[in-house]
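Here the structure is laid out as structure tokens; the discussion comes afterwards.
The values are calculated or read from the model by the stated rules, or taken from the named source; none is laboratory data. Because the structure is a prediction, the values reported are computed rather than measured. When we count neighbours, we look across all protein chains shown, and the Cβ atoms used for this are built from the backbone with ideal geometry, even at glycine.
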Amino acid sequence: MDLIYKHEKKLFIISCVIATIFWLVLTLGTLGIIVIYLLFGYLFFLFAHSAFITHLKGNGVRITQEQYPDLYNSLVKNSEKVGLHHVPEAYLLRTDFFNALATRFRGRNFVVLFTDVVDALESQPSAIDFYIGHELGHLHRKHIQWGVYLFFASWIPLLGAAYRRSQEYTCDRYGAMCCNNDEDIVAAISTMSAGDSRWNSINLDAYLKQIPETSSFWMSFNELNNDYPWLTKRMASALAFRQGQEVSFPSRHGFAWFLSAFIPRFGGGAAMSVVMTFIIIGVLAAVSIPAYQQYIERAEQATLDTSIQIELEQAYQQALPLQELMMQYATNNSAWPVSLSDIGIAEGSLADPSGRFDIDIYDDGIIGIEVFIDGEGEQYIVLEPMAGDEGQDDYWTCYGQDIKQEVLPLDCQ
């Protein structure tokens with residue numbers, strides 16, 4: 001009797017390979033610093049999980065030979081049946097839903113039975129073996145221990161949820177094996193469907209006839225993004241396993257498969273995954289759209305600056321010949337010219353026809369290129385004569401005044 005659901009092993013292998021790649025990349029990419037973060041993460045988990053364990057021990061009722069011996073005997077019997085060498089601690093706890101859980105804390109296994117389940121099955125207590133067997137299955141298969149290592153793979157669309165559902169099918173087989181008969185399986189799963197008072201009147205055939213409806217788009221989509229199979233399927237699968245039969249379910253909707261391939265698993269079902277996906281998209285959009293707009297603006301500004309620089313480089317080249325004319329005038333007249341006409345150039349003839357710049361001369365032999373960026377003016381490229389050191393020739397320097405460095409000619413930057 002193979003207790004492991006047909007897809008669990010291959011889904012585990014795929015998840016393990018992907019998780020290993022993630023861990024290797026993180027370890028190598030962070031030069032091992034990830035180990036420090038893991039240590040802090042473990043400490044956080046330890047304190048957080050300790051809150052539940054202490055709540056369990058402080059408020060729950062521990063199941064022992066002296067306290068609820070019927071439940072304790074079932075626990076011992078089924079632990080031996082599934083192959084657990086150590087009987088886990090078990091507690092009875094009051095909650096508001098039908099289920100049970102298994103957990104692990106500091107190397108010790110725990111099983112928790114919720115009172116609603118135990119009370120609901122008072123008339124058929126042997127059905128509790130299904131719940132106990134199911135949780136023991138999680139412990140025996142080490143689903144909890146592997147959970148941390150497979151963390152990154154568990155987020156992958158389709159894969160993460162599929163592996164969790166396969167775990168549930170496997171553990172239902174453990175539960176079915178621990179039950180005395182088919183009626184126990186029906187009773188145990190029916191309590192999760194019909195509640196504490198209606199479960200014993202459920203029409204099993206009519207209930208299983210709901211399974212074909214799971215092939216519709218919405219049923220398929222929500223199951224593909226859910227950690228748990230539909231209870232109708234779990235019922236049919238557990239009964240078929242106990243009876244030694246194969247069970248097949250209707251194919252899921254094709255578009256549901258396609259859409260689910262884009263939705264990461266966050267737990268909590270399809271609704272939570274979709275909400276979290278949209279939240280992530282929203283956050284990414286909030287960050288990336290302004291960044292993209294800034295990039296576009298910078299690119300446009302860079303293009304504009306390049307265009308202006310090309311024009312000003314032309315103006316600069318046009319102004320360079322004035323340097324020699326200015327020096328000749330100063331040598332001949334022992335003074336700098338005061339207007340362009342003094343060096344034989346008509347006033348206004350060096351202005352750009354498009355109005356981007358205007359070249360003129362100023363006091364002390366300065367040649368100024370007034371730049372009209374955005375029509376503002378009062379921005380200059382300055383060519384200024386400088387006296388050389390003793391024994392060296394005079395020279396010209398070029399710089400900007402109230403103008404962006406990026407648009408200056410290269411010789412002036």
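Things to note:
- Residues of segment 335-371 that are of a type in the set (S, T, N, Q) and closer than 27 Å to Q309 by Cβ: S349, S354.
One line per residue, one yes/no per condition, for (1) under 56 Å from the mean Cα position of the chain (by Cα); (2) among the charged types (D, E, K, R):
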site	(1), (2)
E297	yes, yes
Q309	yes, no
L322	no, no
A335	no, no
S354	yes, no
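- Hey, R298 of a type in the set (D, E, K, R), closer than 21 Å to Q405 by Cβ and at pLDDT 80 or above or not: yes
- Test: residue in segment 346-358 that is in contact with a helix residue (DSSP H, G or I) (Cβ under 6 Å, 6 or more places away or on another chain), surrounded by 10 or more Cβ atoms within 10 Å (Cβ to Cβ) and either of a type in the set (G, A, S) or at pLDDT 85 or above (or both): no
- Taken together, the residues in segment 143-185 that are in a loop (DSSP other than H, G, I, E, B) and either within 26 Å of V35 (Cα to Cα) or at pLDDT 95 or above (or both) amount to 3.
- Any chance V87 is in contact with a Leu (Cβ under 9 Å, 6 or more places away or on another chain), closer than 20 Å to S190 by Cα and either in contact (Cβ under 8 Å) with a residue 24 or more places away in the chain or not in a helix (DSSP H, G or I) (or both): no
- Any hit, segment 15-33, residues being in the same structural domain as Y228 (by TED's automatic domain parsing), surrounded by 14 or more Cβ atoms within 10 Å (Cβ to Cβ), touching a Leu at 6+ places or on another chain (Cβ under 6 Å) and of a type outside the set (K, R): yes
- Top-ranked residue in segment 34-56 [being surrounded by 13 or more Cβ atoms within 10 Å (Cβ to Cβ) and in contact (Cβ under 8 Å) with a residue 12 or more places away in the chain; ranked as nearest to the chain's Cα centre (by Cα)]: H49
- Test: residue in segment 70-79 that is aliphatic (A, V, I, L, M) and farther than 29 Å from A90 by Cα: no
- Taken over segment 310-352, the criterion of being of a type in the set (D, E, K, R), assigned by TED's automatic domain parsing to the domain that holds I369 and over 20 Å from T397 (Cβ atoms) is satisfied by D342, E347, D352.
- Among all positions in segment 229-238, there is no residue which is among the charged types (D, E, K, R) and within 26 Å of the chain's Cα centre (by Cα).
- Test result for N200, in the same structural domain as Q167 (by TED's automatic domain parsing), modelled with pLDDT under 90 and surrounded by 12 or more Cβ atoms within 10 Å (Cβ to Cβ): yes
So that you can scan it fast, the table gives a plain yes or no per residue for (1) aromatic (F, W, Y); (2) surrounded by 20 or more Cβ atoms within 10 Å (Cβ to Cβ); (3) under 23 Å from V111 (Cβ atoms); (4) outside the structural domain of F98 (by TED's automatic domain parsing):
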position	(1), (2), (3), (4)
L158	no, no, no, no
A187	no, yes, yes, no
I211	no, no, no, no
F217	yes, no, no, no
A238	no, yes, yes, no
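- Among the criteria (1) surrounded by fewer than 11 Cβ atoms within 10 Å (Cβ to Cβ); (2) under 17 Å from L325 (Cβ atoms), the one A387 does not fulfil is (2).
- The listed residue being out of contact with any helix residue (DSSP H, G or I) (no Cβ under 8 Å at 6 or more places or on another chain) and either modelled with pLDDT under 80 or closer than 30 Å to I156 by Cα (or both), out of A270, A285: A285
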